[in-house]
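The values are calculated or read from the model by the stated rules, or taken from the named source; none is laboratory data. Because the structure is predicted, anything quoted here is derived from the model rather than measured. Don't worry about glycine lacking a Cβ; one is built from the backbone with ideal geometry, like all the others, and counts go over all protein chains shown. Side chains included, ligands, DNA and RNA excluded: accessible areas come from the protein's heavy atoms. Shrake-Rupley method; radii C 1.70, N 1.55, O 1.52, S 1.80 Å.
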Amino acid sequence: MTQVFLVSGPSGAGKTMLSYPLARRTGAALVEVDDLVIAAQRLTTAAHQPELHYWEDHPDAERRLSVQEIVDMQIATARVLAPAVRAVIANHVETATPVVIEGDYIVPELGTGWDDAVRAVVVHEPDLEQLVGNYAAREPEEGIQRKRAECSLAYGVWLAEQAAQHGVPVLHPRPWTTADQRISAALRVVP
């Protein structure tokens, strides 16, 4: 029986909008990987875990770095967090406590090797203009966030490639009217 549902994807792709209904429908708790990042940052220093502290120590990074450099930092952060996410997964499998874990920093391989106890999906929005629009709708006070959308798209492509290598399904969130049913099908959620 599945105990853990992993919903990975880049910022702005729609994973949070899909994760909350999924948690309600399955009766599972919900864990946001962003909360694990915050906890890990408070328990470490930049000297010990520079990837975890990079964004808070370099608030101008988005302006200074190229899209590929930003994606490389996202990948590095995901790799550093992988043992912590794996420990949370293992705890929920061991205790048979259902949970939906969602976040940018879930690498697809974390969804493999657990038999049927863990299922994963990567939410990937392949349209740059849609990502720009998603950010504008979510954070209108920030104006047009084209570079952030470009980073999200590039990171999403990397996650989708990783998902393909590990046999993890990739879900395109649109059309939204059927996204909830499609994520349930991808994760093989029993109604």
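Among the residues making up segment 1-35, those that are out of contact with any strand residue (DSSP E or B) (no Cβ under 6 Å at 6 or more places or on another chain), in a helix (DSSP H, G or I) and more than 19 Å from residue 131 (Cβ to Cβ) are 20, 21, 24, 25, 26, 35.
In summary, helices (runs of 4 or more DSSP H) completely within segment 47-106 and bearing 2 or more residues that are basic (Lys, Arg) and under 20 Å from the mean Cα position of the chain (by Cα) occur at 67-95. No other residue among 106, 89 is over 17 Å from residue 155 (Cβ atoms), among the β-branched types (Val, Ile, Thr) and crowded, with 20+ Cβ neighbours inside 10 Å apart from 89. Close Cβ contacts (under 9 Å, 6 or more residues apart or on different chains) running from residues in segment 17-43 that are without any contact (Cβ under 8 Å) to a residue 40 or more places away in the chain and more than 22 Å from residue 124 (Cβ to Cβ) to residues that are open to solvent by 40 Å² or more (accessible area, probe 1.4 Å) and assigned to a helix (DSSP H, G or I) comprise 39/84; 41/56.
Just so you know, in segment 1-10 the residues that are at pLDDT 95 or above and either of a type in the set (Gly, Ala, Ser) or open to solvent by 20 Å² or more (accessible area, probe 1.4 Å) (or both) include one that is farthest from residue 150 (Cα to Cα), and it is 8.
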